[in-house]
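Written below as structure tokens is the structure these notes are about.
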Amino acid sequence: SELLMAERLAEGARARLGSTPSAVRALLEGMPEELVTAPLDGEWCARDVVAHLVVGESVVLRARLAGMRAAPGGAIANVDEEEALEASGLRGLAAGELLDRFAVERGESLALLDGFSTEELALSGEHELVGSITAAEMVNQISYHDAVHIEQIARMLAVSAELERGGLRQF
């Protein structure tokens, strides 16, 4: 059976998009540099995650929404997250600068989204890997993606304290 395509925003999706920059800032501001730049399990560090969020605003969210509006039903290329992060040149920037950039970039994305009518949220494009996606589904995906990365950053910051809990580690 064919999946139903979402033509509306999920409950809380717009609110989460608006609150994510401040939520990420609240987690990272004032944290020691070594925590912000320590990779978790050999993967990204918290600073890399913020850089990834910055990149996603322009090359994923705004590009796709604008593309669906300009050419409904058009092709949507898949984006390799690691390649896009490397190509961005943002990886080495200080966390504070990345947080500032994320807030600005997300503001631009919200301005674009807020200009979409209810009918335009049903516009679609053909993603090269998953097939047809709507503008609403794209926004819902980013809302979900934000929550995943907020949780990831919180886990990264907890690692240093986890080992230092003594006998309380049993809880």
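The values are calculated or read from the model by the stated rules, or taken from the named source; none is laboratory data. Computed from a predicted model, the values in this text were never measured in an experiment. So basically every Cβ, Gly included, is an ideal-geometry build from the backbone, and we count neighbours across all protein chains shown. Areas reflect the complete protein model, heavy atoms only, side chains present, ligands, DNA and RNA absent. Shrake-Rupley method; radii C 1.70, N 1.55, O 1.52, S 1.80 Å.
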Is it the case, given these coordinates, that Ala26 is surrounded by fewer than 20 Cβ atoms within 10 Å (Cβ to Cβ), under 22 Å from Asn140 (Cα atoms), out of contact with any strand residue (DSSP E or B) (no Cβ under 9 Å at 6 or more places or on another chain) and not acidic (Asp, Glu)? no
In the stretch 90-105, the residues that are among the acidic types (Asp, Glu) and open to solvent by less than 60 Å² (accessible area, probe 1.4 Å): Glu105
Out of (1) open to solvent by 70 Å² or more (accessible area, probe 1.4 Å); (2) assigned to a strand (DSSP E or B), the odd one out for Glu164 is which? (2)
Condition check: in contact with a Ser or Thr (Cβ under 9 Å, 6 or more places away or on another chain), open to solvent by 70 Å² or more (accessible area, probe 1.4 Å) and in a helix (DSSP H, G or I). Does Glu108 satisfy that? yes
Under 8 Å between Cβ atoms, at least 6 apart or on separate chains: pull out the pairs that start in the stretch 67-84 with a residue that is free of Cβ contacts under 8 Å to residues at least 60 places away in the same chain and end on any residue that is open to solvent by 40 Å² or more (accessible area, probe 1.4 Å) and in a helix (DSSP H, G or I). Val79/Val59; Ala84/Val59
So which of Ala122, Ala147 ends up being among the aliphatic types (A, V, I, L, M), over 19 Å from Leu65 (Cβ atoms) and open to solvent by 30 Å² or more (accessible area, probe 1.4 Å)? Ala147
What residue, of Val139, Val60, is open to solvent by less than 50 Å² (accessible area, probe 1.4 Å), at pLDDT 95 or above, under 16 Å from Arg14 (Cα atoms) and not charged (D, E, K, R)? Val139
Leu53 - would you say it is open to solvent by less than 40 Å² (accessible area, probe 1.4 Å), modelled with pLDDT of 95 or more and under 30 Å from Met5 (Cβ atoms)? yes
